[in-house]
2 protein chains.
Amino acid sequence: MKRIFEIDPWLIQTHRFDQADKRLQESITAIGNGYMGMRGNFEEGYSGDYLQGTYIAGTWYPDKTRVGWWKNGYPEYFGKVINAPSFIDIGIQINGETIDLAKTKTRDFDLALDMHQGLLTRSFIAEVEGAEVRLTFRRFLSAVIKEAAFIDVAAEVISGRAKIKFDAGINGNVVNEDSNYDEHFWVPDQEDADKGFIQMTTKPNPFKVPQFTITVMQALRLDGEPAVGTRTTAPGQLHEQLEMLCDAGEGVHLEKDVVVVTSRDVKPDEQASRATALMQAAQANTFAQSLDAHTAVWAKRWAQSDVAINGDDAAQQGIRFNIAQMFMTYYGEDKRLNMGPKGFTGEKYGGATYWDTEAYVVPMYLAVTPPSVTKGLLEYRHDQLPGAYHNSQQQNLAGALFPMVTFNGIECHNEWEITFEELHRNAAIAFAVYQYTAYTGDESYVNGPGLEVLVGIARFWADRVHFSQRKQQYMIHGVTGPNEYENNVNNNWYTNTMASWCLEYALARLPKGDQDVVAKLAVSPEEADHWQDIIDRMYKPVDHELGIFVQHDTFLDKDIRPASSIPADQRPINQHWSWDRILRSPFIKQADVLQGIYFLNDRFSKEQKEANFDFYEPLTVHESSLSASIHAILAAELGKEEKAVELYARTARLDLDNYNNDTDDGLHITSMSGGWLAIVQGFAGMRYDEHGLRFKPFLPTNWSGYSFKLNYQGRIIAVTVGDTAEFELIAGPAIDVTVSGKMIHLEEGAAHAQRINI
Amino acid sequence: MKRIFEIDPWLIQTHRFDQADKRLQESITAIGNGYMGMRGNFEEGYSGDYLQGTYIAGTWYPDKTRVGWWKNGYPEYFGKVINAPSFIDIGIQINGETIDLAKTKTRDFDLALDMHQGLLTRSFIAEVEGAEVRLTFRRFLSAVIKEAAFIDVAAEVISGRAKIKFDAGINGNVVNEDSNYDEHFWVPDQEDADKGFIQMTTKPNPFKVPQFTITVMQALRLDGEPAVGTRTTAPGQLHEQLEMLCDAGEGVHLEKDVVVVTSRDVKPDEQASRATALMQAAQANTFAQSLDAHTAVWAKRWAQSDVAINGDDAAQQGIRFNIAQMFMTYYGEDKRLNMGPKGFTGEKYGGATYWDTEAYVVPMYLAVTPPSVTKGLLEYRHDQLPGAYHNSQQQNLAGALFPMVTFNGIECHNEWEITFEELHRNAAIAFAVYQYTAYTGDESYVNGPGLEVLVGIARFWADRVHFSQRKQQYMIHGVTGPNEYENNVNNNWYTNTMASWCLEYALARLPKGDQDVVAKLAVSPEEADHWQDIIDRMYKPVDHELGIFVQHDTFLDKDIRPASSIPADQRPINQHWSWDRILRSPFIKQADVLQGIYFLNDRFSKEQKEANFDFYEPLTVHESSLSASIHAILAAELGKEEKAVELYARTARLDLDNYNNDTDDGLHITSMSGGWLAIVQGFAGMRYDEHGLRFKPFLPTNWSGYSFKLNYQGRIIAVTVGDTAEFELIAGPAIDVTVSGKMIHLEEGAAHAQRINI
């Protein structure tokens, strides 16, 4: 655990700069706008250790993996979002000294990310030969013009006389830190000093993955007026230099507007003119004006989604940070995109789509964004069905196997124990269809495209099971469950349970589907009977003595002991133990059996939940960012308030407090829903099904209150929990909800709010 | 199955050249001399598809593997023998046309490997503009001067007039076909046109693996006289050109001597002078003289090891091919070396040492080579003990874990399911110590260095097991057994059984060990008691209903069906099925439970052997080259003669008939002992322990007889099986052996031979 930013309800701020924490600082101060994003790299450059990171959504490269150990069914490549040209660059020399926080003498450092709108500001006073100059940087990625980035640097001479030289540039000479053999993925096409842009294309690949072309253009304003510096180019690079002399009390203000256009939207030969047009729109406003418009968009988002916590500023900061970072990553503008586990904040996980989206993001997005945003995530999977069929065929199997990692539907990770064993993602994708349908009441997806998804998934499971003659039951061998600290296990309870649920749900939805879709899918009575037989005779390991579901066939043969027996200096175990030791240990990375109990919550008795929680949670090391939230929700449900609060803190401030000592690689974007889920589904006990909404709220003892809003079936419902719980229907038609077992009726307006004792 | 060479008892010969079979031809006509070796590439070059392959034993490179998926305990690199400079090159132009079997019109093709001594000959008549020229190539790698290769080309003009231009060269501009990113491993140091050599060094690596420097020198003779052509150089290359004009009936004879010196033996700056001295020795003789000396060495080897088969020339050819190829790979001259699965015949498996040596080669080498050869193989492991301790520490475990793949004792493969799960190699290495000791009667190894190996291995197993509270037994989770068609299984019967045996054997040998070694090892009574407890309470899965040992915990839950149910066009399954399908199938790659029954043969009843054979063999696809022999031996023991003979053919002619459709990558060198083991341990029923030798011979119905010799405790014993079995003590002190349950007494000389009815 390490906390380098101060506690504040709306700011992520620090007044210290420590080189040792540079990467952590960069991750936490990452910003994005769904279209692109970047780590908190410094505009002026930095010569110490840091991780370069500018990413453009959907521009990726298939890194080859077909080496000696390749076997049939392995993916051909590892897909990764590649570092895009860095366009924030504004090199600064003052009186001949290059400003560099690794070397320059500075004081009065201030760095803050304003979560109202993702504005990053930074300032410090540089003490150079003959002058002291305060430098203040501001930047944001526009929520109005998605292709636009705005950067603003003010230099203010405090004392002495400063000859200030700016070198505002674009640098396409970038590599990924994890690229094999320091491979460069971009090939420069052209540099245009006159128009101020560079154009680059990803190099060819043998995997039929399209090449991407991007154009990055910049334009400057000096003290509010358009300015053109001395432009020079090199392959993949543009430099633009300006120089000025200022005395104490004087200053200069440089604004840099950037436009990024890609071949995902605009053909390469039309990109320059498109970028020019966008740049004209951008340049029509000052930095301040652009920021105002941007902030207005964000204000609307916050109005529907803010969670307020009274009495615990750290908790407050955590939840807002998570919401802000998630919205900066994905707000549904482009249905071809999804949310990578690290969003735009690092290169790990390659910027690709994982099961995280369906399992962890959808349940929150349903309630905090307009339904179209979540529906976009579902459509993304439907659009990628051909890839899912391809993946299944690669394993000699029928139906659709959605990928563990992908950009286009085709599996692009490269560990067999993940790609064709961590099959449970195929259930999470079906479960998200259920959740969307139950929460929004909108059946248009599940009866049409969603049904194609459900039947593809059902057909996969029906082929992937095998029938054990000895046990006279259907089994699923050779899987990796949600607990990735075990690989290649047999009959993972979660996977078997969810596979069976997928078949059930597909059978239940088929009769209601759109006629043409049902006809096209052509599920025969024999096929449906076979699915039912699998449902009826699926093997789901149980231990009657312990009264628990068994994680997988031989789990109980392990040397079972609690995670508390691990010496503190060996945590997290994934940074201290060999993989062999981890795999054989009884320690669980994240909810596995409990994930199933969370998803299919109403199918289990309180006793079952309790027995499984009490058995598995003590074995769990929570070293996946996806772990704490699910446990917090179940702990809350079981009345284990202290545990729930402890786990809330862990999920909501995972990155801010660097709990797992791995935030320097990037933020855990897709698990950032965990704090929200812990509050809404945990503390407030929100549940839903096709019959409506239920709550069972409580107030954590160290909080004085919390409130949140739900976007539910055309309504905005505000929930405020303090000593009592207040429910207000802010907008929309009247509705009944159940609170702690009691039905209440809500009508629009504060006057009709209902207050319930808890 | 594909047979491209003719049947002949001593030749591997063909009169056809088919471009489609080029790689297969190259593998089968590979030659070596323990120090170096090469595939059957063509001297004159070849523009069609082929696999370049020249390898110098022990010169390797650590190919980096630390990419995205790296976890603690994974090896840092994949070690591989790299392609050495090609030194056989003799480009030929006749009347301006480059001779190239992919393009030149030719007739009367002949290619033969003479197994008496590993002499490769090839000839054809080239029909070029204005001339027909017979070209005849011969080459061998010397068994007398290990650093020397001899090549001889005769050109004989059949008709017309031929301007013949030779370009004899050395080409260091080579890559491995499987190298990542076409990486070059060699950096040219110098080329000396005057002295006729090039020197190269492997490029630096970040893994502390030493760099290797090699010097390759050539010298020519033309029509028997030393000749120097026009020499030119390029980085890593030497060319030497000669030109002559011949009329019909005339010819020319070019001999090329090559010397290869490496930094394994000679410091880089002394290599040129060492190579010059070796070249002088080589040049002192003609090709014919050098060949005679070489053949004499081989004649001695064959005198101790030949196996004759009457009535089945294909079987005869198979066994000689195997013996010849094994001896060309390793005959014990250099204790720092071992035998790679593909020897010098291909780049797959990286030329490294696997468990194959102990499990399959040692049992044969004990009997066909002087004991020092096998002892060298055991010393190799002792010398690498520090690496084995390192490997164990990498897994946070005690004791010594010998590597699955290595050059220096440190694990250098890169699949976790192999490296730290295929642990049974640690038992095979201990078992080889037992076999050597029991067969030779020489206790000097087991009481000294061997005891250090045994205790290191025992300590590993004692730490690697865990105690299952639930079952109150010791278990070994997370292993890959000999059946590599399953990964990461629990309680593999073979592994648990052999681990327990290792502890037993260590405990049994400790009291007899050399005092100083025992003192140094310091096995306390408590430690010994713990080992005994593990032996007593080791869990070894059994199914009483089926009367079999169970391959691993959940094997019987699989969809069990015989390999005969697999459609023929899906065999071998590893070339047709996804890895997922293979892993979950019941099909077994090679002996697993049966490997244990083979090793610990005298511990099991005939009924046990029969039940297990009858259960497992039908599930076995024999897609490991190591499979058929073990099954043949057990089939023979169980009186299943037909099965035994079928499996013999499969093991003895595996490469000659390309049974598994993978010989184009290289020969299966380490499994070439299979034919010998099938005859000697299978058909002749040879067994041994500390009490002596036993036989139980039979004659396969389609053979008229077979004979072999055993080098046993200072004796040569000849065994000839026909309608009767004859045992002759060719040399050495008198001995009693048991034949079909009857003790016979042998004294030296044919006169004392004993004939037994069978």
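The values are calculated or read from the model by the stated rules, or taken from the named source; none is laboratory data. What you see is a predicted model, and the numbers here were worked out from it, not measured in a lab. Virtual Cβ from ideal backbone geometry, glycine too; neighbours counted across all protein chains shown.
Take the stretch A:173-186 and flag every residue that is surrounded by 17 or more Cβ atoms within 10 Å (Cβ to Cβ) and away from chain B (no Cβ under 14 Å).
A:VAL174, A:TRP186 - these are the residues of the stretch A:173-186 that are surrounded by 17 or more Cβ atoms within 10 Å (Cβ to Cβ) and away from chain B (no Cβ under 14 Å).
Residues that are within 27 Å of A:GLN13 (Cβ to Cβ) and within 14 Å of another protein chain (Cβ to nearest Cβ): does the stretch A:390-411 have at least one?
Initially, the stretch A:390-411 is screened for residues within 27 Å of A:GLN13 (Cβ to Cβ), giving none.
No, the stretch A:390-411 contains no residue that is within 27 Å of A:GLN13 (Cβ to Cβ) and within 14 Å of another protein chain (Cβ to nearest Cβ).
So which residues in the stretch A:542-586 are outside any helix (DSSP H, G or I), without any contact (Cβ under 8 Å) to a residue 60 or more places away in the chain and facing chain B (nearest Cβ under 9 Å)? It would help to see each step written out before you state the result.
Residues of the stretch A:542-586 outside any helix (DSSP H, G or I): A:542-554, A:558-562, A:566-567, A:571-572, A:577-578, A:585-586.
If we keep only those that are without any contact (Cβ under 8 Å) to a residue 60 or more places away in the chain too, we end up with A:542-545, A:550, A:558-562, A:566-567, A:571, A:577-578, A:586.
A:LYS558, A:ASP559, A:ILE560, A:TRP577, A:SER578, listed by residue number.
One line per residue, one yes/no per condition, for (1) in contact with a Pro (Cβ under 7 Å, 6 or more places away or on another chain); (2) of a type in the set (A, V, I, L, M, F, W, C):
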| site | (1), (2) |
| --- | --- |
| B:LEU654 | no, yes |
| B:ASP657 | no, no |
| B:THR663 | no, no |
| B:SER671 | no, no |
| B:GLY685 | yes, no |
| B:PHE695 | no, yes |
| B:THR720 | no, no |
| B:ALA725 | yes, yes |
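Is it the case that A:ARG301 is under 25 Å from A:LYS146 (Cα atoms) and not in a loop (DSSP other than H, G, I, E, B)?
Values: under 25 Å from A:LYS146 (Cα atoms): yes; not in a loop (DSSP other than H, G, I, E, B): yes.
Taking the combined requirement at face value, the residue satisfies it.
Being surrounded by fewer than 22 Cβ atoms within 10 Å (Cβ to Cβ) and either within 12 Å of chain B (Cβ to nearest Cβ) or farther than 14 Å from A:ASN176 by Cα (or both) is the filter here; which residues of the stretch A:43-57 pass it?
Passing the criteria: A:GLY45, A:TYR46, A:SER47, A:GLY48, A:ASP49.
Out of (1) more than 30 Å from B:ILE125 (Cα to Cα); (2) free of Cβ contacts under 8 Å to residues at least 60 places away in the same chain; (3) of a type in the set (D, E, K, R), what's the single condition that is false for B:GLU147?
Going through (1) more than 30 Å from B:ILE125 (Cα to Cα); (2) free of Cβ contacts under 8 Å to residues at least 60 places away in the same chain; (3) of a type in the set (D, E, K, R) one by one, B:GLU147 breaks only (2).
Quick check: anything in the stretch A:187-201 of a type in the set (Ser, Thr, Tyr), within 14 Å of another protein chain (Cβ to nearest Cβ) and in contact with a helix residue (DSSP H, G or I) (Cβ under 8 Å, 6 or more places away or on another chain)?
Taking the stretch A:187-201 as the starting set, the residues that turn out to be of a type in the set (Ser, Thr, Tyr) are A:201.
Still in the running and within 14 Å of another protein chain (Cβ to nearest Cβ): none.
No, the stretch A:187-201 contains no residue that is of a type in the set (Ser, Thr, Tyr), within 14 Å of another protein chain (Cβ to nearest Cβ) and in contact with a helix residue (DSSP H, G or I) (Cβ under 8 Å, 6 or more places away or on another chain).
If you take the residues of the stretch B:636-690 that are basic (Lys, Arg) and touching a Lys or Arg at 6+ places or on another chain (Cβ under 9 Å), which of them is nearest to B:PRO363 (Cα to Cα)?
In the first step, residues of the stretch B:636-690 are kept if they are basic (Lys, Arg); the result is B:640, B:643, B:650, B:653, B:687.
Imposing the further condition that a residue be touching a Lys or Arg at 6+ places or on another chain (Cβ under 9 Å) reduces the set to B:653, B:687.
Working: B:ARG653: 19, B:ARG687: 11 Å.
The residue in question is B:ARG687.
Each row is one residue, and each column tells you yes or no for (1) free of Cβ contacts under 8 Å to residues at least 60 places away in the same chain; (2) under 16 Å from B:ILE457 (Cα atoms).
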residue	(1), (2)
B:LEU503	yes, yes
B:ASP516	yes, no
B:ALA519	yes, no
B:VAL523	no, yes
B:GLU527	no, yes
B:ILE535	yes, yes
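On the basis of being touching a strand residue (DSSP E or B) at 6+ places or on another chain (Cβ under 6 Å) and under 23 Å from B:LEU521 (Cβ atoms), does B:ALA438 make the cut? First the steps, then the outcome.
Values: touching a strand residue (DSSP E or B) at 6+ places or on another chain (Cβ under 6 Å): yes; under 23 Å from B:LEU521 (Cβ atoms): yes.
Yes, satisfied.
Hand me the list of strands (runs of 3 or more DSSP E) wholly inside the stretch A:669-758 holding 3 or more residues that are crowded, with 16+ Cβ neighbours inside 10 Å.
Output list reads A:692-695, A:705-712, A:715-721, A:724-731, A:735-739.
Starting from residues that are among the small types (Gly, Ala, Ser) and touching a strand residue (DSSP E or B) at 6+ places or on another chain (Cβ under 7 Å), keep the ones in the stretch A:312-346 and report whichever is nearest to A:THR406 (Cα to Cα). Spell out how you get there, then give the answer.
Taking the stretch A:312-346 as the starting set, the residues that turn out to be among the small types (Gly, Ala, Ser) are A:314-315, A:318, A:324, A:332, A:340, A:343, A:346.
Applying the additional criterion that residues be touching a strand residue (DSSP E or B) at 6+ places or on another chain (Cβ under 7 Å) yields A:315, A:340, A:343.
Working: A:ALA315: 33, A:GLY340: 10, A:GLY343: 14 Å.
Among them, the one singled out is A:GLY340.
So A:TRP60 clears everything in (1) buried (at least 20 other Cβ atoms within 10 Å of the Cβ); (2) under 19 Å from A:ALA148 (Cα atoms) except one condition, right? Which one?
If we test A:TRP60 against (1) buried (at least 20 other Cβ atoms within 10 Å of the Cβ); (2) under 19 Å from A:ALA148 (Cα atoms), just (2) comes out false.
Every residue in the stretch A:215-261 that is part of a strand (DSSP E or B) and charged (D, E, K, R), please. Show your work before the answer.
Taking the stretch A:215-261 as the starting set, the residues that turn out to be part of a strand (DSSP E or B) are A:215-222, A:225-227, A:230-234, A:237-247, A:251-261.
Residues satisfying the conditions are A:ARG221, A:GLU225, A:ARG231, A:GLU240, A:GLU243, A:ASP247, A:GLU255, A:LYS256, A:ASP257.
Could you look through the stretch B:412-462, keep only residues that are part of a loop (DSSP other than H, G, I, E, B) and more than 14 Å from chain A (Cβ to nearest Cβ), and pick out the one that is surrounded by the most Cβ atoms within 10 Å (Cβ to Cβ)? Spell out how you get there, then give the answer.
Going residue by residue through the stretch B:412-462, those that are part of a loop (DSSP other than H, G, I, E, B) are B:412-415, B:420-424, B:441-443, B:448.
Checking the rest, the ones that are also more than 14 Å from chain A (Cβ to nearest Cβ) come to B:424, B:441-443, B:448.
Details: B:HIS424: 27, B:GLY441: 13, B:ASP442: 15, B:GLU443: 15, B:GLY448: 15.
Filtering first and then ranking leaves B:HIS424.
Is the stretch B:367-375 home to any residue that is of a type in the set (D, E, K, R), under 30 Å from B:TYR688 (Cα atoms), assigned to a helix (DSSP H, G or I) and at pLDDT 95 or above? Full working, then the answer.
Taking the stretch B:367-375 as the starting set, the residues that turn out to be of a type in the set (D, E, K, R) are B:375.
Of the ones still in play, those that are also under 30 Å from B:TYR688 (Cα atoms) are B:375.
Going one step further and asking which of them are assigned to a helix (DSSP H, G or I), we end up with B:375.
Narrowing further to those that are at pLDDT 95 or above: B:375.
Yes; the residues of the stretch B:367-375 include at least one that is of a type in the set (D, E, K, R), under 30 Å from B:TYR688 (Cα atoms), assigned to a helix (DSSP H, G or I) and at pLDDT 95 or above.
Determine whether A:HIS382 is assigned to a helix (DSSP H, G or I), away from every other protein chain (no Cβ under 14 Å) and not hydrophobic (A, V, I, L, M, F, W, C). Break it down into steps so the answer makes sense when it comes.
Values: assigned to a helix (DSSP H, G or I): yes; away from every other protein chain (no Cβ under 14 Å): yes; not hydrophobic (A, V, I, L, M, F, W, C): yes.
Considered against the rule, which asks whether it is assigned to a helix (DSSP H, G or I), away from every other protein chain (no Cβ under 14 Å) and not hydrophobic (A, V, I, L, M, F, W, C), A:HIS382 comes out as yes.
Report yes if B:ARG581 is under 13 Å from B:VAL621 (Cβ atoms), basic (Lys, Arg) and under 27 Å from the mean Cα position of the chain (by Cα), otherwise no.
Values: under 13 Å from B:VAL621 (Cβ atoms): yes; basic (Lys, Arg): yes; under 27 Å from the mean Cα position of the chain (by Cα): no.
Judged against the criteria, B:ARG581 is not a match.
(1) at pLDDT below 95; (2) more than 17 Å from A:THR345 (Cβ to Cβ); (3) surrounded by 19 or more Cβ atoms within 10 Å (Cβ to Cβ); (4) among the basic types (Lys, Arg): which one isn't true of A:LYS71, the others all being true?
(3)
Would it be correct to say that A:THR480 is within 24 Å of A:ALA432 (Cβ to Cβ) and within 11 Å of another protein chain (Cβ to nearest Cβ)?
On the way: within 24 Å of A:ALA432 (Cβ to Cβ): yes; within 11 Å of another protein chain (Cβ to nearest Cβ): yes.
Here the answer is yes, as A:THR480 does meet what is asked.
When you scan the stretch A:24-35, do you find a residue that is over 23 Å from the mean Cα position of the chain (by Cα) and modelled with pLDDT of 95 or more, even just one? Don't jump to the end; show me each part of the working.
Kept after step one, since they are over 23 Å from the mean Cα position of the chain (by Cα), are these residues of the stretch A:24-35: none.
No, the stretch A:24-35 contains no residue that is over 23 Å from the mean Cα position of the chain (by Cα) and modelled with pLDDT of 95 or more.
Which one is farthest from the other protein chains (Cβ to nearest Cβ), of the residues in the stretch B:73-92 that are farther than 27 Å from B:ASN391 by Cα and among the small types (Gly, Ala, Ser)?
B:GLY91
Only one of these is among the acidic types (Asp, Glu), on the phi > 0 side of the Ramachandran plot and out of contact with any helix residue (DSSP H, G or I) (no Cβ under 7 Å at 6 or more places or on another chain): B:ASP265, B:ASP223, B:ASP247. Name it.
Answer to the selection: B:ASP223.
Just to check your reading of the model, which residue among A:THR663, A:THR651 is touching an Asp or Glu at 6+ places or on another chain (Cβ under 7 Å), within 25 Å of A:GLN13 (Cβ to Cβ) and of a type in the set (Ser, Thr, Tyr)?
Working: A:THR651 fails: touching an Asp or Glu at 6+ places or on another chain (Cβ under 7 Å).
A:THR663 is the lone residue from the list that is touching an Asp or Glu at 6+ places or on another chain (Cβ under 7 Å), within 25 Å of A:GLN13 (Cβ to Cβ) and of a type in the set (Ser, Thr, Tyr).
Suppose we filter B:ILE323, B:ILE309 for residues that are in a helix (DSSP H, G or I), β-branched (Val, Ile, Thr) and in contact with a helix residue (DSSP H, G or I) (Cβ under 9 Å, 6 or more places away or on another chain); which single one remains?
On the way: B:ILE309 fails: in a helix (DSSP H, G or I).
Selected residue: B:ILE323, the only one of B:ILE323, B:ILE309 that is in a helix (DSSP H, G or I), β-branched (Val, Ile, Thr) and in contact with a helix residue (DSSP H, G or I) (Cβ under 9 Å, 6 or more places away or on another chain).
Is it the case that the stretch B:491-508 has a residue that's over 29 Å from A:THR480 (Cβ atoms), part of a loop (DSSP other than H, G, I, E, B) and away from every other protein chain (no Cβ under 11 Å)? If you could, list the steps in order and put the result at the bottom.
Narrowing the stretch B:491-508 to residues over 29 Å from A:THR480 (Cβ atoms): B:500-508.
Then drop every residue that is not part of a loop (DSSP other than H, G, I, E, B), which leaves none.
No, the conditions are met nowhere in the stretch B:491-508.
Check whether at least one residue in the stretch A:277-295 is in contact (Cβ under 8 Å) with a residue 60 or more places away in the chain and in contact with a helix residue (DSSP H, G or I) (Cβ under 6 Å, 6 or more places away or on another chain), and report yes or no. Quick ask: steps written out before the conclusion?
At the first step, the residues of the stretch A:277-295 found to be in contact (Cβ under 8 Å) with a residue 60 or more places away in the chain are A:278-279, A:281-283, A:286-287, A:290-291, A:293-295.
Checking the rest, the ones that are also in contact with a helix residue (DSSP H, G or I) (Cβ under 6 Å, 6 or more places away or on another chain) come to none.
No, the conditions are met nowhere in the stretch A:277-295.
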